[in-house]
Every structure is written in C-alpha cells, then in structure tokens.
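The structure under discussion appears below in the form of structure tokens.
Any read-out appearing in this document is the output of simple, stated calculations on the displayed coordinates, not a laboratory observation. What you see is a predicted model; the values in this text were computed from it and never measured. Glycine also receives a Cβ, built like all others from the backbone with ideal geometry; neighbour counts cover every protein chain displayed.
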Amino acid sequence: MKDCREEWYDKDAKVAVTIVDVTSAAQELARGHLAGPTSTHFLAEALASVALLGGEMSETDETVILQMKCKGPLGGLNVECTSEGTLRGYTEKKVLDDFDGLGKPDARKVIGEAQYQVTRSVPGRILSQGISTSIDGYLAGSLQRKACIRTEVAVSDEVEVLEARGVMVEILPDSKLGSLGSEGSRGSEGSRGSEGTVKDPLLPLLDTKDPIRLSVASRNILKQLGLENAELRKTTPLKFACRCSPDRAIAMLAALSDEERKALPPSIDITCHMCGKTFTVKV
C-alpha cells in the first residue's frame, strides 16, 4: 500500500472507517530533519493522525494543522495535511540520545503531559480550532463525534521507517450502535453478533491486551473491526511536499532592514523548519 488515504463506509452499521499509510512521507521527513529514531517515531504517528483528520476537508485550499506541546524531552511537534494530500512537519527535538536505540519509545517518558491543537484553515481564514489533551479528546469534545484514532509505527535504530499507518473509526449520528465504551465484544466473528446485529466497532481500538493490527491489508483491518461489509468510497494519494523554495528564502532576507542585512555575512544558509531543507542565499 503506497502512501494514501482510504475512506470506507459500512451502510448497515452506519460506520465510517478511514485508513492511511504515510510510511514514505515519514521517511522523507526523517531524512530531511536528520532525526533520530525516537523523534521519527512520534513524527510518523502525528503524520498518520493528521492525514486521518484531513479526510473531510471540503475547501480547495484547506489545510489541517496538528500541533502538540508537551513537558517531555520531545518538546512538541507540528504537522500538517493539505487538501491536495501533501504532508510535512517536524518535532521540536530531533535527536533524543537518552531514548534512541532502546526500542519502541514510551510516550509517557518522551512526551509526558501534552496539549493538542487542531486547526483547519484556508489562506487568510481559520475555519475551526480545537484544543484537548488527546486527539480522541478533540474528536469527542470539540467536534462532538463518536470516533477514535489509532496508529501503528515501526522505526529501526538506523531510522528506517518500516511502517506508519493509522485508522479512524467513527459511529455516525444515525447509527443504532452505542457510544465509545458501550457494551460489546470482540469475538472470532468480529463485531457482528449471532443474529447479525453489529456491535461497537470502537471497542477493538480500546483493547490494550489484544490491540488491533494495522500492518495488514485494509480488508483485514475491517475484519478485525467486524465491518467486513464496508465499501471503499474514496482513495486519496498522500505524499510529502513542502512549500519552501529559494524564492521564499530570498523573500525572508528582503524583509530585513538595511542595518540587519549589513550585519550578515555575504551568504547565509536558511533552513526550512517544516522539512529541514537548506537554501544558501546571497545577502
């Protein structure tokens, strides 16, 4: 599965499922930022999350920005997804020596207490903005949606992104299913009971003892959710892309005063904080 976003819908259960793969985009950003495996792990998780949140953009030039500030050593991160399916972003700390090389990082130690902000905007105008202590909290609180997001990321010690995938399950308002945490079970028959009724598909996302596996084909993910009858409604290609350019770097220098420009060397390197690319510009 190349980087893309798939939007599925189960008309019987009235449940929407979005599945994303952002492995290649995460790899390119890790390479551009010279990031270590720990920061790459959380950057990849955030990219998957913002790609999931970007599935409902209605404006042509709309952008969804996910920002996270935390008290842990990571410092925070900023990622975005555009209506064209482009992704970019960064973590505040690129290399975390105390955690790199120790296997899958512990979010409680690397991130700690955090605050998430999701902003939807078009050029010159903010469409909506919400703040929460988690992305699921943003969905439930700011958007009043019965939805849940889960990601699955694997990064080697050599900073090779082996996978970066995510899933969002939403129970739509006209569904007869219960809300998050309602009664239901995850049995061998998935979420469909013996009488054909559909149980809460959010429950597999909350199962910490037997977590849902995302490193499989989309149909297998749907089977784990008990939504085998879901139909694919839309596929959107995703890719890394940044708006930085030599012209933008030159424009930044042009904004300086004459006194500020005189204090600079004949040429300087300007690095894009969103993707890590560096431009050498003559002053």
query = Measuring from a point 7 Å past the Cα of Lys176 along Cα-to-C-beta, which residues in segment 224-248 have an amide N at less than 20 Å?
reply = 226-231
inquiry  = Can you list residues from other chains, or at least 5 along the same chain, whose modelled amide H is less than 5 Å from the amide H of Phe240?
reply    = Ala25, Leu87
Most fluctuating residue given options Gln27, Gln144, Gln67, as computed from a GNM of the chain linking Cα atoms under 10 Å = Gln144
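Which entries in the list Lys69/Lys277; Lys71/Lys94; Lys14/Lys223; Lys11/Lys234; Lys93/Lys209; Lys69/Lys94 go over 20 Å, if you measure between the two C-alpha atoms of each? Intermediate values should be presented prior to the final figure.
Numbers: Lys69/Lys277 23 Å; Lys71/Lys94 16 Å; Lys14/Lys223 16 Å; Lys11/Lys234 15 Å; Lys93/Lys209 31 Å; Lys69/Lys94 15 Å.
Check vs 20 Å cut-off fails for Lys69/Lys277; Lys93/Lys209.
Take Thr38, Thr82, Thr271 and order them by how many other Cβ atoms sit within 10 Å, fewest up front. Before the final figure, lay out the partial values.
Details: Thr38 29, Thr82 18, Thr271 14.
Ascending Cβ contact count within 10 Å gives the list Thr271, Thr82, Thr38.
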ask   = Expressed in nm to one decimal, what extension gain is obtained for the pair Lys14 and Arg248 from 0.36 nm per residue of sequence separation less their Cα-Cα distance?
value = 79.6 nm
query = Relative contact order for the chain using alpha-carbon pairs under 8 Å, separation at least 6, rounded to a whole percent?
reply = 23 percent
task = Could you list which residues have their amide H under 5 Å from that of Ser83, counting only those 5 or more apart in sequence or on another chain, with H placed in the peptide plane?
result = Glu62
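Can you tell me the equivalent ellipsoid semi-axes for the chain? Use √(5λ) from the Cα gyration tensor, largest first, whole Å. Show your work: numbers first, answer last.
On the way: eigenvalues 289, 84, 54 Å².
Whole-Å semi-axes of the equivalent ellipsoid: 38, 20, 16.
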key: Residues in segment 145-169 that a label on Leu127 would reach, taking backbone N under 18 Å of a point 7 Å out along Cα→Cβ   = 145
ask   = Using θ = phi - 60° and the Karplus curve 6.51 cos²θ - 1.76 cosθ + 1.60, what whole-Hz ³J(HN,Hα) does each residue of segment 220-228 get, with Gly and Pro shown as x?
value = 6, 5, 4, 5, 5, 8, x, 10, 4
ask   = What is the Cα centroid distance between segment 137-174 and segment 234-283, reported in whole angstrom?
value = 32 Å
For Trp8, distant residues with modelled amide H under 5 Å away = Val17, Thr18, Ile19, Arg233
message = Just to confirm my understanding: which cysteines in the chain have no other cysteine beta carbon less than 4.7 Å from their beta carbon?
response = Cys4, Cys70, Cys81, Cys148
query = How big is the charge dipole of segment 4-240 about its Cα centre, in debye rounded to the nearest 20, if each Lys and Arg gets +1 on its Cβ and each Asp and Glu gets -1 on its Cβ?
reply = 320 debye
remark   = For segment 26-36, Karplus-derived ³J(HN,Hα) couplings (6.51, -1.76, 1.60; θ = phi - 60°; whole Hz; x for glycine and proline) come out as 5, 5, 5, 5, 4, 5, x, 8, 6, 7, x
inquiry  = At 0.36 nm per residue, and after removing the present C-alpha to C-alpha distance, how many nm does the segment from Lys209 to Glu84 gain when stretched out fully?
reply    = 41.3 nm
ask   = Can you give me the pair-distance distribution of segment 201-283, C-alpha pairs, 10 Å bins, whole percents?
value = 14, 26, 14, 13, 15, 16, 3
